[in-house]
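Engineer: Let me give you the structure first, and then I'll get to my questions.
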Amino acid sequence: MNAQKLKNRWLIAASAVGIHISIGSVYAYSVMTNPVKDIFEVEGSTVKWAFKIAILLLGLSAAFLGKWVEKVGPRKSGITAGILYGVGILGSGLAVQLDSLWLFYLCYGVIGGIGLGVGYITPVSTLVKWFPDRRGLATGMAIMGFGFAALIFGPIMAKLFETVGVANTFYILGTLYTIIILSSANYIERPPVGYFPEGFDDAAKNAIKQDISNVTANEALKSERFYYIWIMMFINISCGIAIISAASPMMQEKLNYTSMQAATIVGFIGVFNGLGRLLWSTISDYLGRANTYILFFAFQVLAFYFLPKIGVESIFLLVLFTVITMYGGGFATLPAFLGDLFGTKQLGAIHGYVLAAWALAGVVGPTIYDMVKEKTGSLDTTLLIFAGLFVIALVISILMKVSILKSEKLAKKTLSFG
């Protein structure tokens, strides 16, 4: 492939954003809860099972299909994701029309969930290869799209439910998502081996930090660093999802907000979740990935300990929103960090394995919060437990940093003897 035939890497990034904004609409699920439960004449908690199944299948399919995504390439896996997610949403419309809750679970939760997992990891390793100089920025842009999707599609969904009805809303959205994802997938492709952006001289290439290793997914599983980062992500996601799921009642309890005021804060949480994905992943290009996670966990140990003790509204919200940026930032910084640690040979597969932590954390985090809060009735005690979990994450992130420094020192010795 010569330089003239190379695709524009920024359009590759835009295509990745297109995929992630479409599948990220799953985060607007709360908008459809009431209209759908009214159709099926069940409780909202019953309808929410479709969302839980979708997130579970996202994590599991990312873990089990990661190697396949790497093997077939981003175009084929992106098209597959578009078809699966599109069929899942279109099928959800059919389930509503037929008044079949089980078909809704199957279409939205299982088929749509698998599409989510494949679509989530499809552009990641490709972007890392196109942006060797700005890994954090590139993956942050795409994963920011996932975080911001609820802000874009939430109002669209609400308007469609009012104007065209529930089944037709799913038909329209399913068609729209399919078109966006398939169009995006058709543009995405891997760069040539050893690709660097045009205008890069040898000095600029040498300035880019080399990956610590370049290994397969199976080899990564034998490394202690894989388990370090898995536990770090599990704790960050568990605690973040717990706060997000309990944000509205927490606002009402701590700040005496009305339900409407609390709902507004939940909307802002979506904004900061998205902003954090781009902000922290970009900062990590300069601060270093390991240092960024150490900062995340050190701040959140203090934040979760002091949050229930803060009585000043503005400070409470500042701390809460900062925590949410770090929750989103953890997701967006992850692919670049995995590239640094394990190289790009099978980055999609390795990323998928780590995302299994998401599937588990999505259940564990909110469950711990609800159980402790119910048993103790105390927000202080509940958040203290999460602060303790962040202490564990901080210790592990420091062990990760030490491990990386040892590898870099060894590499320098090898070069000097070579």
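Engineer: Among the lysines in the stretch 1-117, how many pairs, 8 or more places apart or on different chains, have alpha carbons under 21 Å apart?
Structural biologist: 6
Engineer: At q = 0.21 Å⁻¹, what base-10 log of I(q)/I(0) does the Debye formula yield for the stretch 133-284 when every alpha carbon is treated as an equal point scatterer in vacuo?
Structural biologist: Each listed q maps to, in turn, -1.40.
Engineer: Using only the alpha-carbon atoms of the stretch 45-99, report the extent along each of the three principal axes, biggest first, to the nearest angstrom.
Structural biologist: Rounded to whole Å, the extents work out to 39, 20, 10 Å.
Engineer: Would you please state the base-10 log of I(q)/I(0) at q = 0.14, 0.17 1/Å for the stretch 1-121, with intensities from the Debye formula using one equal scatterer on every alpha carbon?
Structural biologist: -0.61, -0.82
Engineer: Quick one, what does Rg over Rh come out to for the stretch 202-360 if you take C-alpha atoms and the Kirkwood Rh?
Structural biologist: Radius of gyration relative to Kirkwood radius: 1.05.
Engineer: A further question on this structure: Return the equivalent ellipsoid semi-axes of the stretch 271-416 as a descending list in whole Å, where each equals the square root of 5 times an eigenvalue of the C-alpha gyration tensor.
Structural biologist: The equivalent ellipsoid of the stretch 271-416 has semi-axes of 31, 17, 16 Å.
Engineer: Moving on to the next point. Could you sort 114-126, 44-56, 89-101, 372-384 so that the peptide with the highest average Cβ count within 10 Å comes first and the rest follow in order?
Structural biologist: Highest-to-lowest ranking by the protection proxy: 114-126, 89-101, 44-56, 372-384.
Engineer: Per the helix-only calculation at 222 nm, which mean residue ellipticity applies to the chain, given -39500 (n - 2.57) for every DSSP H run of n ≥ 4 and division by its residues, nearest 500 deg cm²/dmol?
Structural biologist: -27500 deg cm²/dmol
Engineer: Mind sorting out which of (1) 30, 28, 22; (2) 55, 21, 16; (3) 34, 29, 18 is the real semi-axes √(5λ) of the Cα gyration tensor in Å computed from the coordinates?
Structural biologist: (3)
Engineer: What would the Debye formula give as log10 I(q)/I(0) at q = 0.12, 0.20, 0.23 Å⁻¹ for the alpha-carbon point model of the stretch 80-175, no solvent?
Structural biologist: Those come out to -0.47, -0.98, -1.13, one per q.
Engineer: Using a 1.4 Å probe over the heavy atoms of the protein chains, calculate the carbon and sulfur portion of the accessible area of the chain as a whole percent.
Structural biologist: The value for the chain is 65 percent carbon and sulfur by accessible area.
Engineer: Sum up the lysine pairs in the stretch 272-418 that clear both bars: alpha-carbon distance under 20 Å and a spacing of 8 or more or different chains.
Structural biologist: 5
Engineer: Rolling a 1.4 Å sphere over the protein heavy atoms, what is the accessible area per residue of the chain, to the nearest Å²?
Structural biologist: Value for the chain: 43 Å² per residue.
The values are calculated or read from the model by the stated rules, or taken from the named source; none is laboratory data. Here the structure is a predicted model, which is why all the values come from computation and not from measurement. Cβ sites come from the backbone with ideal geometry, for glycine too, and all protein chains shown count toward neighbours. Note: areas computed on protein heavy atoms with side chains; ligands, DNA, RNA excluded. Shrake-Rupley method; radii C 1.70, N 1.55, O 1.52, S 1.80 Å.
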